[in-house]
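The values are calculated or read from the model by the stated rules, or taken from the named source; none is laboratory data. Owing to the predicted nature of the structure, the values given are computational and were not obtained by experimental measurement. All Cβ positions, glycine included, derive from the backbone under ideal geometry; neighbour counts span all protein chains shown.
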Amino acid sequence: MGGKTVALIIYIDDMIVTGNDEDEISELQKYIASEFEMKDRGGLKYFLGIEVYKSKLGIFLSQRKYVLDLLDRYVRLQTCRNTNHTKSLFSKYPDQVPTNKE
């Protein structure tokens, strides 16, 4: 099973071309570029909220940045002043009046 493999992954207007044969990858990219407007953004680092790391051991996928962004958003919502939006998101009892901790 030592054949050539080329994968084309498309999500809306983002595309990844990868595989184990650089010549085949290049041919596919040339063909696609002849049919569609395309930009080569270099090596894959981030796609659909997933960070991609390459090393000698393989390819690793991480959602660390996505989780940190969610936490940052949550903390910003937690520190908001009294609004109906934050009350409904973080209160078990929507009619509960939050206390001012300043």
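Against the criterion of being farther than 30 Å from ASN20 by Cα, at pLDDT below 60 and surrounded by 11 or more Cβ atoms within 10 Å (Cβ to Cβ), LYS87 qualifies. For segment 24-61, filtered to residues that are within 17 Å of ALA7 (Cβ to Cβ) and among the polar types (S, T, N, Q), the residue that is surrounded by the most Cβ atoms within 10 Å (Cβ to Cβ) is GLN29. Scanning segment 51-77 for residues that are closer than 20 Å to THR18 by Cα and either of a type in the set (A, V, I, L, M) or in contact with a helix residue (DSSP H, G or I) (Cβ under 7 Å, 6 or more places away or on another chain) (or both) turns up GLU51, VAL52, LEU57, ILE59, LEU61.
Do we find a residue being of a type in the set (Phe, Trp, Tyr), under 18 Å from TYR11 (Cβ atoms) and at pLDDT 80 or above anywhere in segment 48-65?
As a first pass, look at segment 48-65 and keep what is of a type in the set (Phe, Trp, Tyr): 53, 60.
Applying the additional criterion that residues be under 18 Å from TYR11 (Cβ atoms) yields none.
No.
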